[in-house]
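No value in this document is a laboratory result; all are computed from the given coordinates. Predicted, not measured: the structure shown is a model, and the values here were computed from it. Note that we place each Cβ from the backbone using ideal geometry, even for glycine, and neighbour counts take in every protein chain shown.
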Amino acid sequence: MSLAAAITASLKKMAMDPGFEGELLTKDKTKAKNRNEGQWWDYKEELEVSSPFGTAKLARHVLAFHNAKGGAICIGIDDKYVVKGIPPSDAVDTKRVNDKLKAYVGPRVKVFQETIELANGRVIWIIFVPGVAPNQLPVATQRDAPVDTSSNKSLFKKNTFFLRVEDESKSCQDPIDIYSLFTDVDLSLIHI
């Protein structure tokens, strides 16, 4: 099994697949097995959802995965793929995460979450994002993101579509991305 297969199996069951932990982490749970991010997963060292700006940052990634085929956001793994974990109290329950996200992603996009316990009393927090259902349209942001005080810019405007392309959550501005979003054709594989 691969990490992508474990994520897909988790999304089908709407619960973490038993093989997921073994595909995500080394046996000693100190490093991520996959030393990259990809179309199906993203690593974050931490995730702050207590502020509207933090929630908007999460919403961007949730919509990108949702509008693709789904995926998992793994919180507690740094940029060097070291497993640091987060305090268990930072892993917000599913209802609260969905309630916070709803302002930006609307009522149709629902995530679920699980945690993996680490030896140091910390956890890896996994947010699973189901993909867009067959015969449904992709979802755009429902309102503008708040302005970041450090850059004086907003992360996104209302009606922005995001899509997961390889290891990036990107806004769909290129016609190729928009075509891919609405046709389920992965045009990143086509070299024009």
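Structure values in brief
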{"read-out": "Sequence-separation-based contact order of the chain, relative, with Cα cut under 8 Å and 6+ spacing, percent", "value": "22 percent"}
{"read-out": "Proximal lysines relative to LYS95, as straight alpha-carbon distance under 19 Å, when same-chain residues fewer than 8 apart are discounted", "value": "LYS13, LYS57, LYS110"}
{"read-out": "Global geometry of segment 70-192, whether rounded, prolate or oblate, following the gyration tensor of its Cα atoms and the 1.5 cut on a/c", "value": "prolate"}
{"read-out": "Additional length obtainable on full extension of the chain from LYS102 to GLU166, 0.36 nm per residue less Cα span", "value": "20.5 nm"}
{"read-out": "Net dipole in debye of segment 1-115 [+1 Lys, Arg Cβ; -1 Asp, Glu Cβ; about Cα centre; nearest 20]", "value": "340 debye"}
{"read-out": "Residues ASN152 and ASP28, FRET efficiency given R0 of 35 Å [Cβ-Cβ distance, rounded to 0.05]", "value": "0.20"}
{"read-out": "Reduced Cα scattering model of segment 103-156, Debye log10 I(q)/I(0), q = 0.28 Å⁻¹", "value": "-1.05"}
{"read-out": "Rule-of-thumb Rg ratio for segment 1-159 [Cα; 2.2 N^0.38 Å; N residues]", "value": "1.02"}
{"read-out": "Principal axis box of segment 6-63, alpha-carbon based, largest edge first, Å", "value": "35, 27, 20"}
{"read-out": "Cβ-Cβ FRET estimate between ASP174 and ALA119, R0 fixed at 41 Å, reported to 0.05", "value": "0.40"}
{"read-out": "Inter-label distance, nm, simple model (7 Å from Cα along the C-beta direction), LYS13/ASP78", "value": "3.2 nm"}
{"read-out": "Value at 222 nm in deg cm²/dmol, rounded to 500, when DSSP H runs of n ≥ 4 in the chain each add -39,500 (n - 2.57)", "value": "-8500 deg cm²/dmol"}
